[in-house]
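Structure first, commentary second.
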Amino acid sequence: MKQTKFKKSYRFARVTSFYITLYITLLLGVFLFYFSNIELWEIPVLAISTYVFCFIVIQYRVERFIYRRVKKIYDDLTLLESAKLTKGAITTDMHTLTQEIDKFARDKKLEIETLKVREQYRKEFLGNVSHELKTPLFTVQGYILTLLDGAMDNKEIREKYLERASKGIERLSYIVEDLDMITKLEVGDLRLKIETFNIVELVETIFDMLEMKAAKKKITLTFDMNYKKPIFVKADKERIQQVLINLIVNSIKYGSEKGTTEISIENLIKNKIIVRVTDNGEGIASAHLPRLFERFYRVDKTGSRKEGGSGLGLSIVKHIIEAHQEKIYVESEYSVGSEFSFTLEKAE
């Protein structure tokens, strides 16, 4: 086992030795001078020898006390790990040591609080996964059991139930695929194919894809201005398309009837642009914004499920943007609208 190194502090030993030496020298010096005919030059020798002896004994005892006693108390109280304490030098200065103890205690407290938050998040996540998988599974199971119990002979019911069971399986597939993607993004297994492409053209393509979906709610998909020149960015085109589709679909899903979803592309700094997706829908209360990108987190626990989806869309969006080493932001005001924005690297 590697021997512990000390960061020595001599102040206590120096001062204490001085006072002891002063007392002993004055006491013995006067006594010996009057009763033993001691020479004057012997008094400094007595003082020096007394000082050296006191200094060595006190310093040794202080180090021994701090290392063996104080450290043992800290270890027993589990305020800090002994492995951490012995990595560096152990100071014999009590003020410095107290500061270190306070720092370790604060770190431990923060670590415990973080673990509690993670534990709560884990419980919520497992509960959400269970709920999201259970609902379509029970739906599919119910329709199939009904068919097996005799409804299969009725052609109209058979087709209707099989169609509903198919939708349930489709929803399960969405959830599993989205979970798989998030896992790959988190562990870094999903490699990005970085290329240069025109972000304006990509948005126009997505507008064409979602035109019919928006038309059902009479929502207009539009740019904030007429972009006559292309704007080239460096990113994974397929993943950025997924980000934009998720954000625009959400704006349609929660947008107001006859509302608007607007896309703007602005220069942020020399080599960055920011893409904004703005709607005038129902908006999001500020209390929900910090947790908006969590997996399965829903602002409206009932209404959002009726709208469909896996509940993982915004979480995937965040992971994709962060995989590009970029930032995503959200601003929203309840009953006014929302704006999601993200940065991208601009191509030369």
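The residues listed here are Lys234, Lys218; of these, the one that is modelled with pLDDT of 90 or more, in a loop (DSSP other than H, G, I, E, B) and not assigned by TED's automatic domain parsing to the domain that holds Val129 is Lys218. Only a single item in (1) within 25 Å of the chain's Cα centre (by Cα); (2) assigned to a helix (DSSP H, G or I); (3) aliphatic (A, V, I, L, M) is not met by Leu192, and it is number (2).
Scanning the stretch 314-330 for residues that are exposed (fewer than 15 other Cβ atoms within 10 Å of the Cβ) and assigned to a strand (DSSP E or B) yields a single hit, Tyr329. From the list Gly188, Gly168, the one residue that fits, being on the phi < 0 side of the Ramachandran plot and not hydroxyl-bearing (Ser, Thr, Tyr), is Gly168.
Restricting attention to the stretch 254-295, the residues being assigned to a strand (DSSP E or B), aliphatic (A, V, I, L, M) and surrounded by fewer than 17 Cβ atoms within 10 Å (Cβ to Cβ) number 2.
Take Leu244 and tell me if it is at pLDDT below 90, under 25 Å from Leu312 (Cα atoms) and among the hydrophobic types (A, V, I, L, M, F, W, C). Considered against the rule, which asks whether it is at pLDDT below 90, under 25 Å from Leu312 (Cα atoms) and among the hydrophobic types (A, V, I, L, M, F, W, C), Leu244 comes out as no. Every condition in (1) among the β-branched types (Val, Ile, Thr); (2) exposed (fewer than 14 other Cβ atoms within 10 Å of the Cβ); (3) within 30 Å of Ile274 (Cβ to Cβ) holds for Ile182 except the one numbered (2). In this structure, Gly309 does not satisfy being part of a loop (DSSP other than H, G, I, E, B), touching a strand residue (DSSP E or B) at 6+ places or on another chain (Cβ under 6 Å) and either farther than 27 Å from Met181 by Cα or at pLDDT below 90 (or both).
Out of Thr139, Thr196, report the one residue that is surrounded by 12 or more Cβ atoms within 10 Å (Cβ to Cβ), more than 26 Å from Val277 (Cβ to Cβ) and in contact with a Lys or Arg (Cβ under 8 Å, 6 or more places away or on another chain). Only one candidate passes the filter, namely Thr139.
Looking only at residues of the stretch 162-195 that are among the β-branched types (Val, Ile, Thr) and touching an Asp or Glu at 6+ places or on another chain (Cβ under 9 Å), we find that the one that is modelled with the highest pLDDT is Ile194. From the list Leu179, Leu162, the one residue that fits, being under 30 Å from Lys237 (Cβ atoms) and in a helix (DSSP H, G or I), is Leu179.
The values are calculated or read from the model by the stated rules, or taken from the named source; none is laboratory data. Treat the numbers as computed from the prediction; the structure is a model and nothing was measured. All Cβ positions, even for glycine, are placed from backbone atoms using ideal geometry, and neighbour counts span all protein chains on display.
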